[in-house]
Structures are given as C-alpha cells and as structure tokens.
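Novice: Below: one structure in structure tokens.
The values are calculated or read from the model by the stated rules, or taken from the named source; none is laboratory data. If you're wondering where the values come from, they're calculated on a predicted model, not measured in any experiment. For neighbour counting, all protein chains shown are included, and Cβ atoms are generated from backbone atoms with ideal geometry for every residue, glycine included. To get the accessible areas, we keep the full protein, side chains included, count just its heavy atoms, and leave off ligands, DNA and RNA. Shrake-Rupley method; radii C 1.70, N 1.55, O 1.52, S 1.80 Å.
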Amino acid sequence: MTLTQEKPDYKRIVSDGQITAGSGGIIGKWLGEVKRRLGDSAPELKQIQNNAASEFTKTGLPGKKDEDYKYTNIRQYLQEDFIASKDGLNIDKTSIAPYLLKDAVNLVFINDRYAAELSNREMLPEEVSAGDLFATPDTLRDKVTDNFNKAAGRSDNPMALLNTALAANGFYIRVPKNFSCVVPVHILHITSGDGKRLYNPRNLVYMEENSQLTLMESYYNTGKGRIFTNSATELFIKDNGALENYIMQDEGAGSMHNDLRFYTIGRGAKTNCVTVSFNGGMLRNDCNVFIPGEHAEAHLNGLFILKGNNHTDNHTLVEHLAPNCSSKELYKGIIGDTATGVFNGKIYVHPQAQKTDAYQSNKNVLTGDKATIDTKPQLEIYADDVRCSHGTTTGKLDGDALFYLESRGINKQLAKKVLLQAFAKEVSDAIKNETFRAVVERKIDDYTA
Amino acid sequence: MNQMLEIKDLKVSIEGKQILKGVNLTVNKGEVHAIMGPNGSGKSTLASVIAGREDYTVDNGSITFNGKDILELSADERAKEGLFLAFQYPVEIPGVSTINFLKTALAEIRQYRGQPPMEAKDFLKLMKEKQKLVEIEANLTGRSVNEGFSGGEKKRNEVFQMAMLEPALAIMDETDSGLDIDALRIVAEGVNKLRTGENAFIVITHYQRLLEYITPDFVHVLYKGRIVKSGGRELALELESKGYDWIKKEFPEPAV
Ligand SMILES: Nc1ncnc2c1ncn2[C@@H]1O[C@H](COP(=O)(O)OP(=O)(O)OP(=O)(O)O)[C@@H](O)[C@H]1O
Ligand SMILES: [Mg+2]
C-alpha cells in the first residue's frame with residue numbers, strides 16, 4: 001500500500017477553537033487563526049485539543065519564574081503579535097534541492113505545511129507509512145491517532161499544551177512489526193517569510209514491535225522574519241524496536257525554536273538521539289525519555305555551537321520505570337562571544353527500576369570572554385540498586401594543546417578550530433548515517449571558523 | 001652566511017619571576033649544540049621562548065633566526081620559518097588524528113613557503129618513509145595525537161613529527177628521557193640520518209648517553225638562567241662523572 005497525500009478523502013484533524021476558558025487571550029487568537037485555515041477536526045481529537053487549550057489558558061507561556069524556564073524566558077520571546085498562520089509556499093523545487101538528502105526519503109514541510117510536490121518518497125518501502133499526520137487516511141488513522149498525545153499528554157509543560165492545542169500540521173511515520181526500514185527518512189522543515197510567525201509542527205512516530213528506523217530531521221529558516229517554531233514530536237518505540245533519530249537545527253540568529261520530544265521506549269528497545277544545534281537566536285530543546293520496558297537503552301547526544309548573543313537551552317528528562325535499563329547522555333557546548341548556554345539534565349529512577357545504569361555528561365568550552373553556561377544535573381533516585389552518575393566540565397581551550405599545534409606551523413585560529421572540531425567529534429560520531437553526519441560535520445566546520 | 005640562530009642577552013620572566021637572566025647563544029648551520037644543566041635551571045623555558053610560547057615575557061635581548069627577528073613572529077610563523085620543538089612533555093590531543101594533524105601542519109608550512117599542496121599519495125609515501133626512519137608503529141600514527149601513548153611512544157612521536165616537517169633548526173627537549181635503550185639508539189640514528197649540514201640541532205639532555213650517538217659540536221651548561229660554561233663534547237663527560245656541584249660552587253647565587 002502506497003500512500004499519496006493529496007487525495008481529498010483525507011481528514012484534517014484540527015481544533016475547532018471553541019475554548020471555554022479565557023478564550024480572549026493569545027491562545028484564543030492563535031486558535032482562531034488555525035481554525036479559520038483548516039476547518040473542523042475529528043471529534044476524538046477535538047476534546048484533547050480543547051482540554052490542552054484550556055489548560056494552557058491557565059498556565060500561560062512559561063517565563064523566568066518557572067524553575068524549568070529560569071534561563072529561557074519564553075514569554076519574552078513569543079509575544080502576542082505573533083501570527084499563527086502560514087504564508088504560501090514560496091519555495092520551488094530548484095531552491096529546495098540543496099537541502100534534500102540523497103539515499104533517503106525526503107518529506108518536506110514548508111512553514112509547517114507538508115509539501116508533497118517538493119518531497120521525494122519513491123524510496124519509501126510500501127510497508128512503511130509516512131506523511132502528513134493531519135491528513136492521515138481513514139484506514140490508518142486509528143493506528144496513528146490513537147496514540148496522539150499519549151506521551152505529550154503526560155506532561156504539564158505549557159509549550160506542550162500550546163502545541164497540542166494548536167496542532168494542525170506535522171509528519172507521522174509508522175513502521176510495522178518486524179520491519180526494518182533500511183532507507184532513512186529525512187524530514188526537512190523550512191520556515192520562510194517576513195513578519196512575526198508562530199509555527200507549530202506536531203509529529204508522531206510509531207514503531208511497532210521489533211522494527212527499525214533511522215529518522216533524520218533538519219530545521220532551516222530562509223526568511224527574514226521573526227519565526228517562532230514550537231515543535232513537538234511523540235515517538236513510540238515498541239518492544240525490541242530500534243530508532244536512530246538525528247536532529248539538526250540551523251535556523252539562524254533571527255529565529256526561535258522550542259522543540260519538545262517524547263520518547264516512549266518498550267522492552268528491549270533502543271534509541272539513539274543526536275541533536276545538533278547551530279547559531280540559534282533562541283533554541284530550547286526538551287528531550288523527554290520515558291522507559292517503561294525492561295532491558296531498554298536510550299542514548300541522548302547533543303552538540304550546541306553558539307556565537308553572537310545566541311541562546312540554547314537543552315533540557316533532558318530520562319524517566320526509568322523498569323528494571324535493567326540503561327541511559328547515557330552526552331551534551332557538549334561550544335559557546336562564544338556573549339552567547340548563553342543552558343544544560344539541565346534530569347534522571348528520575350522510580351522505585352521499581354532496579355539495576356538502572358544511567359550516566360550523564362555535559363562538557364562545555366567557552367570561547368568567548370563573556371560567554372556563559374548554566375548547567376544543572378539533577379538525579380532523583382528512588383531505587384537502591386542502581387548505578388547513576390553525572391559529570392560536567394567547563395573551560396577554555398587547552399593552552400598547552402593550542403601551543404602544541406601552533407608549534408607545528410598551524411596558525412592560532414586554525415589550531416582553535418582543529419581543537420573545537422575534535423571536541424565536537426565525539427557527538428557527531430554518534431550519527432551513524434554517513435550522509436547526515438557529513439552535513440553536520442560541514443556545518444561544524446563552518447561554525448567553528 | 002652560516003649563522004642560523006643568534007640569542008643575545010635574553011632575559012625572560014614568567015609571573016614576575018625572572019627565569020632566564022641573560023642568555024647568549026649562537027648556532028650555525030650543520031652544528032649540534034647540547035644544553036645541560038640542573039633541574040629548574042631554565043632549559044625548557046629557553047626552548048619554549050625560542051618556539052614562541054606566549055606565556056613568557058621577554059624583558060630584554062633578541063633572538064634572530066636566519067637573520068629574522070623571530071620575537072616578532074607567532075609560534076606558527078616560527079615553525080614555518082623552519083623551527084621545531086620536540087616537547088619535554090608532549091601534549092595529548094584527543095579527537096585529532098595524527099595524520100590529519102600532520103597533513104594540516106605540512107599544508108600550512110608549504111603554503112607559507114609558496115610551495116604547492118602535497119598530493120595525498122605523496123603525503124602517505126612521506127609518512128611511510130619517516131615512520132620507517134624512527135621505527136614508529138603505524139598504529140600509533142593512526143591514533144589521536146599522543147592520546148594514551150606511553151612516555152617513550154610520545155618521545156618517538158616527537159621525532160617522527162620532526163622527521164615529517166624537516167625543520168632547519170630542531171630543539172629536542174629531553175627527548176631521550178623515557179626512551180628505552182633500544183629506542184634511544186633508534187631515535188638517535190634517525191636524527192643522525194636527518195642531519196644534512198644545512199640544518200642544526202639543539203639537544204637538551206641530562207645524560208651523556210644520547211650524546212654518544214648524536215655527537216655535539218658544543219656543550220653548554222645552563223645554570224640559574226645563564227649559560228655558565230661552554231665546551232666541546234668532553235664537557236658532557238666531565239659533568240657525567242662530577243655532577244653539577246663544582247659548577248654550583250664556581251657560580252654561587254649571583255647578586256641581583
Ligand atoms: N608557568 C610558570 N610559573 C612559574 N614558574 C615557572 C613557570 N614555568 C616555569 N617556571 C619555573 O621556571 C624555572 C625553570 O623551569 P624550566 O622548566 O625551564 O627548567 P628546566 O631547566 O627545563 O628543568 P628540567 O631539567 O627539570 O626540565 C623553574 O623554577 C620553574 O618552576
Ligand atoms: Mg625542562
């Protein structure tokens with residue numbers, strides 16, 4: 001069965017915007033904009049979205065006073081004059097070409113909207129379904145949408161509530177039982193346009209038992225406007241599944257991106273997530289990993305390279321609910337000029353999660369005299385037979401190593417770059433897909449210049 | 001002109017403490033100079049200052065290399081001019097492969113000298129040739145720079161890099177310490193093969209042994225920041241048998 005996305009019998013799933021509580025606020029305005037565009041959603045989702053909207057009207061946007069947003073005042077970035085509607089698709093096939101990845105299925109989203117005409121899905125195995133989550137054919141809908149908000153709904157994060165309330169666009173991928181999708185799937189997300197825009201992609205990945213997938217996501221911004229992307233992705237990896245998930249954010253200093261991820265990892269399942277963030281005006285990544293299955297394994301890797309007055313905030317939450325699981329985290333920051341970085345990694349080990357092996361490491365190099373990093377490991381352990389540790393280091397480039405390189409004829413600037421690239425390599429090496437790794441390495445090369 | 005390096009009345013301090021207190025030294029093409037002296041006398045400081053380490057303050061004096069005032073040059077420019085320092089304590093650089101490191105260094109040096117970039121296959125050929133010269137195992141050069149190397153392996157890697165970069169003047173700071181007896185001979189023979197009559201060596205060492213292999217033209221004793229004695233190779237033998245006490249007696253703490 002091959003799916004095309006342009007058939008009229010697809011149902012759009014979107015909130016009807018009828019908010020009961022406080023609908024006069026920004027959520028009401030944004031919901032109104034979303035609704036006008038897309039019409040009615042399926043009734044079962046209407047309820048979920050309404051609930052999220054009314055919850056959001058109570059919490060409002062997170063700000064400095066919220067402990068989790070202490071250093072990232074979303075309220076200051078995302079203001080009422082942002083418009084939650086999209087511009088037309090002003091990108092053509094030729095200009096999209098450089099962003100596509102070879103030997104991969106490319107699903108293109110421009111300003112949130114799935115652009116079938118720019119995507120190439122010829123390589124997608126017919127066993128795998130992938131496309132626009134909110135245009136899912138009825139035959140598939142239950143399988144996909146039954147899980148909508150099952151993970152994100154556990155969170156009281158205001159940005160997750162906002163995303164759920166406004167959800168109207170995004171991708172889904174479903175890999176059936178015992179199927180190994182050897183062709184990687186690349187989601188290309190490009191924003192463009194002028195003015196102040198709020199985009200709200202909502203994605204869902206559902207991997208059935210014993211299936212395998214490589215999912216690569218790239219986020220770019222080509223416009224001159226102020227763009228705020230509030231993305232949320234739910235990823236369900238059923239028993240013995242294996243997911244490689246690589247995310248590259250290169251949206252430029254004028255853009256803001258709040259990315260929420262919810263992994264649910266089944267028994268014996270594995271995930272390896274690598275998030276690489278460059279030069280974001282404001283980047284906030286919330287990576288939530290929920291491990292209810294025994295013998296599961298989660299690897300989270302992050303690299304952030306900041307300059308100017310960029311701001312990047314990486315939050316991770318790994319929740320161990322089952323015994324004999326392991327999680328490893330490695331986040332590395334290169335922070336220049338007056339940029340600010342944040343790392344907050346929380347490991348929560350529930351009482352039943354005996355024999356948990358959890359490790360977390362955050363290493364930073366400050367290349368600017370006024371650069372800062374706020375790093376906070378948080379271990380909450382309620383089981384007694386576990387191995388949990390964390391470590392964090394922050395410093396300048398090693399002067400001895402620099403001099404060693406210079407003494408061999410390598411000029412200081414290049415020597416610094418060589419050392420920074422070596423520092424970054426540990427994270428980029430966690431990307432197993434060569435094509436994607438090459439793209440990331442090229443960007444590391446650019447951004448360490 | 002034969003003169004390669006000329007150091008005149010060099011005074012150097014770090015963190016307000018004067019380490020070198022007026023060093024004079026001239027090295028001509030083709031020569032091997034040995035510098036000996038008790039611990040803490042300033043040998044490594046002298047080597048680092050020549051190589052261009054910025055942490056030191058040059059209070060007085062000059063260093064010219066092939067007629068150029070190199071105190072005006074950055075460390076990498078000095079290397080490009082043909083200087084090389086084999087470190088007493090080579091630095092581990094995780095994540096930087098030895099091959100890429102040397103490729104980058106050679107490319108930089110060649111560009112500075114107006115030479116065309118080296119072809120990949122020529123570079124590999126050169127690597128092989130120099131590996132053989134110092135008998136360094138290929139698996140070492142395949143790893144990150146010095147990462148996890150043993151003390152002796154690090155020293156051998158210094159000489160390997162020296163062989164790769166073919167400097168006009170190489171300063172070897174205690175390259176012999178940490179090398180086993182066989183390695184010492186191999187490395188010394190390697191150095192001898194690199195001698196051309198056009199290049200020169202400054203060998204810093206505590207032991208006469210290395211000088212049995214690499215015959216010095218001059219031996220200097222650096223003591224408390226000054227070269228207090230210079231002689232031929234027999235001076236090294238004398239030091240080996242008598243130690244430094246006689247020097248120390250002869251040169252008590254100089255009045256400041
Ligand atoms: N960064 C520094 N800060 C303060 N003192 C320093 C510093 N670097 C070197 N020194 C001092 O300078 C003096 C000379 O050191 P140097 O390393 O040059 O001696 P050396 O002759 O090479 O000794 P060795 O034979 O042990 O290698 C020592 O007293 C040392 O403690
Ligand atoms: Mg020394």
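Novice: Report, by residue number, each residue of region B:168-183 that is at negative phi and either within 13 Å of ligand 1 (Cβ to nearest atom) or open to solvent by 10 Å² or more (accessible area, probe 1.4 Å) (or both).
Specialist: B:Ala168, B:Ile171, B:Met172, B:Asp173, B:Thr175, B:Asp176, B:Ser177, B:Leu179, B:Asp180, B:Ile181, B:Asp182
Novice: Let me ask another. May I ask you to verify whether A:Tyr220 is closer than 22 Å to A:Thr435 by Cβ, touching a strand residue (DSSP E or B) at 6+ places or on another chain (Cβ under 7 Å), surrounded by fewer than 24 Cβ atoms within 10 Å (Cβ to Cβ) and of a type in the set (Phe, Trp, Tyr)?
Specialist: Taking the combined requirement at face value, the residue satisfies it.
Novice: Additional query: Given the criterion closer than 25 Å to A:Phe403 by Cβ, assigned to a loop (DSSP other than H, G, I, E, B) and within 14 Å of chain A (Cβ to nearest Cβ), identify the matching residue among B:Gln88, B:Gln111.
Specialist: Only one candidate qualifies: B:Gln88.
Novice: Given A:Asn258, A:Asn178, A:Asn245, which one is crowded, with 24+ Cβ neighbours inside 10 Å and among the polar types (S, T, N, Q)?
Specialist: Going through A:Asn258, A:Asn178, A:Asn245 in turn, the sole match is A:Asn258.
Novice: Of the residues that make up region B:38-60, is at least one more than 20 Å from the chain's Cα centre (by Cα) and away from ligand 1 (no atom under 16 Å from the Cβ)?
Specialist: Yes.
Novice: Among residues belonging to region B:45-89 that are within 16 Å of ligand 2 (Cβ to nearest atom) and open to solvent by 40 Å² or more (accessible area, probe 1.4 Å), point out the one that is nearest to B:Val228 (Cα to Cα).
Specialist: Out of the qualifying residues, it is B:Tyr56.
Novice: Name the residue that is nearest to A:Ser218 (Cα to Cα), counting only residues in region A:267-320 that are part of a strand (DSSP E or B) and of a type in the set (Asp, Glu).
Specialist: A:Asp286
Novice: Answer with yes or no whether B:Arg156 is within 14 Å of chain A (Cβ to nearest Cβ) and open to solvent by 40 Å² or more (accessible area, probe 1.4 Å).
Specialist: No, not satisfied.
Novice: Which numbered condition in (1) open to solvent by 50 Å² or more (accessible area, probe 1.4 Å); (2) away from chain A (no Cβ under 13 Å) is the only one that B:Pro94 fails?
Specialist: (2)
Novice: Tell me yes or no: at least one residue of region B:159-166 is touching a residue at least 40 places away in the same chain (Cβ under 8 Å) and away from chain A (no Cβ under 14 Å).
Specialist: No, because not a single residue in region B:159-166 is touching a residue at least 40 places away in the same chain (Cβ under 8 Å) and away from chain A (no Cβ under 14 Å).
Novice: Looking at (1) surrounded by fewer than 22 Cβ atoms within 10 Å (Cβ to Cβ); (2) modelled with pLDDT of 95 or more, which one does A:Ile187 not meet, given that it meets all the others?
Specialist: (1)
Novice: What's the number of the condition B:Asn100 fails, among (1) crowded, with 22+ Cβ neighbours inside 10 Å; (2) within 14 Å of chain A (Cβ to nearest Cβ)?
Specialist: Going through the list (1) crowded, with 22+ Cβ neighbours inside 10 Å; (2) within 14 Å of chain A (Cβ to nearest Cβ), B:Asn100 breaks only (1).
Novice: Suppose we filter region B:3-24 for residues that are away from ligand 2 (no atom under 16 Å from the Cβ) and in contact (Cβ under 8 Å) with a residue 24 or more places away in the chain; how many remain?
Specialist: Number satisfying all stated conditions: 14.
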